[in-house]
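Just below is one structure, and these are the notes that go with it.
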Amino acid sequence: MGTAVKKGEKPNVGTTPNKEQKGDGPLELLMYLIIGVGFGIIFIKAEIVSWFRIQEMFRLQSFFMYGVIGSAIVVGALSIQVIKWFNIKTIKGDKIIITDKEFRKGQIIGGFIFGLGWALTGACPGPLFAQIGSGFTVILVTLISAVAGTWVYGRFSDKFPN
Amino acid sequence: MEQFIEWIKQPWPWWIAGPMIGLVVPTLLIAGGKAFGISSSLRHVCAMCVPANIPFFTYDWKKELWNIAFVIGVAIGGFIGHNLLANPEMIEVAESTQRDLAALGITDYRSIMPHEIFTWENLFTAKGLLFFVIGGFLVGFGTRYAGGCTSGHAIMGISSLQWPSVVATIFFMAGGFLMTHVFLGPLMKLVGF
C-alpha cells in the first residue's frame, strides 16, 4: 500500500507513491526497520502468520483472527481520530495528511484474487516476510512469485478493467 | 523476571496482538507521515530491480525505501520472535479445523506452518507449484490490482474510514472463503495430498 493515491491521477496506476515526499536518511530508515522488527515479533508471537490461523479464520472455526483484525481497526481508527482532534504532527513537525482512496473495480477483482492466494499461502504480504524470518526459507519462493505477480499486474495494468 | 520471560514465550492473545498492530498505524504516521501498508514493498522491489520502462514502475523508489526497511524489519522480527521468544508447545488449533485439515492430509502441528506443505522438498513438485508459485503470484497480483492488502486496506484503510477499503476487504474475505471451502480440497487432491 504505502502512500495513498492522490485525486486526479490516472485511474489504472493504482496507489502511486507520493511525489512531494522527501526520501529518508539512514537514521530514519533504521527507525522504520525497528518498527518493522516490533511488528514482526507481534506477528510471530500471536501466531498471526500461521497458515493454521488463516484456515481457522476462513472456516469460521475460531474468533482469533477476527479479534486481531477487528481490534487493530478499532485502535487504528481511534488513533487517527486522536491525531486529527489534537492536530498531532510528525516528529519532524510536518502535518499528517491521510489521502483518500478512490473506488476502482480493482478493489473487487484484485481483492478477490488476493483472497484466493491468501487462503492458499496462509499469508498476506506482511506475514510472508515474517514466515521467512522464522525459518521457513522456502517462503522466499512465494515472495519472489508475489513480486512476479505484482510485476505482471504493473506491466499489463492498462489491460485490466479498473 | 523469569515469570515475565515465561509469560512472553506464551502465544499472545488477540486482545494484545490486535491493539498492538493497530498502534502501528499512528506510529508510522507520527514517525514520518507514512500510511501503513506492506504490499507496496513488492512494487518497490519491481521498481528497483526490473522497472523495464513500465510506467507503473518508473518512479523514484528511493523515496519509498522506508517501506523496504520496514519489511526487512518484519523478517528480522520473525527471526527474533521464533528463535528467542519461541513458544515451546505445539500450536493450538481449533479441533474442528484439525478435523477438516486431517481430511486434507494435514496433521503436523509442530510449527506455525504445516511441514507437509512448506518445505524445500516440495519446491519442484505439484505441491510447491500450487502453494508457493501460484499462491504467491495470486497474492502479489491481487494485492497490487486491489491497491493494497490486509494492512493497507483492512487496517489502514478502514481505520481512516475509506469505504473503498471496506469493499476491498469484503472481497479479500470472499476470495478466501471460496478457496477454502470450494477449491482447496480438490486442488490438494490434485497435487497429491
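The values are calculated or read from the model by the stated rules, or taken from the named source; none is laboratory data. Quick caveat, the model's predicted, so the values are computed rather than measured. Neighbour counts run over all protein chains shown; Cβ positions are idealised from the backbone, glycine included. Surface areas here come from the heavy atoms of the whole protein model, side chains and all, with no ligands, DNA or RNA. Shrake-Rupley method; radii C 1.70, N 1.55, O 1.52, S 1.80 Å.
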task = State all residues of the stretch B:139-167 that are surrounded by 24 or more Cβ atoms within 10 Å (Cβ to Cβ) and aliphatic (A, V, I, L, M); if no residue qualifies, say none.
result = B:V139, B:A146, B:A154, B:I155, B:M156
ask   = If a residue has to be surrounded by fewer than 20 Cβ atoms within 10 Å (Cβ to Cβ) and either touching a Leu at 6+ places or on another chain (Cβ under 6 Å) or not in a loop (DSSP other than H, G, I, E, B) (or both) to count, how many in the stretch B:55-64 make the cut?
value = 3
request  = Please state which of the following conditions B:G142 fails to meet, knowing it meets all the rest: (1) part of a loop (DSSP other than H, G, I, E, B); (2) in contact with a helix residue (DSSP H, G or I) (Cβ under 8 Å, 6 or more places away or on another chain); (3) under 29 Å from B:G37 (Cα atoms).
outcome  = (1)
query = Between residues in the stretch A:131-153 that are at the interface with another protein chain (Cβ under 7 Å from one of its Cβ atoms) and residues that are among the basic types (K, R) and open to solvent by less than 10 Å² (accessible area, probe 1.4 Å), which pairs lie under 6 Å by C-beta distance while being six or more apart or on different chains?
reply = A:T150/B:R43; A:T150/B:R144; A:Y153/B:R144
request  = Could you identify the single residue in B:I106, B:I117, B:I68, B:I112 that is crowded, with 18+ Cβ neighbours inside 10 Å, assigned to a helix (DSSP H, G or I) and either more than 8 Å from every other protein chain (Cβ to nearest Cβ) or on the phi < 0 side of the Ramachandran plot (or both)?
outcome  = B:I68
Looking only at the stretch A:101-135, and only at residues there that are of a type in the set (F, W, Y) and open to solvent by 20 Å² or more (accessible area, probe 1.4 Å), the one that is nearest to the chain's Cα centre (by Cα) = A:F129
key: Some residue of the stretch B:1-8 being of a type outside the set (G, A, S) and facing another protein chain (nearest Cβ under 7 Å)   = no
message = Among the listed residues A:E56, A:E9, A:E20, A:E47, identify the single one that is at pLDDT below 95 and under 22 Å from A:S134 (Cβ atoms).
response = A:E47
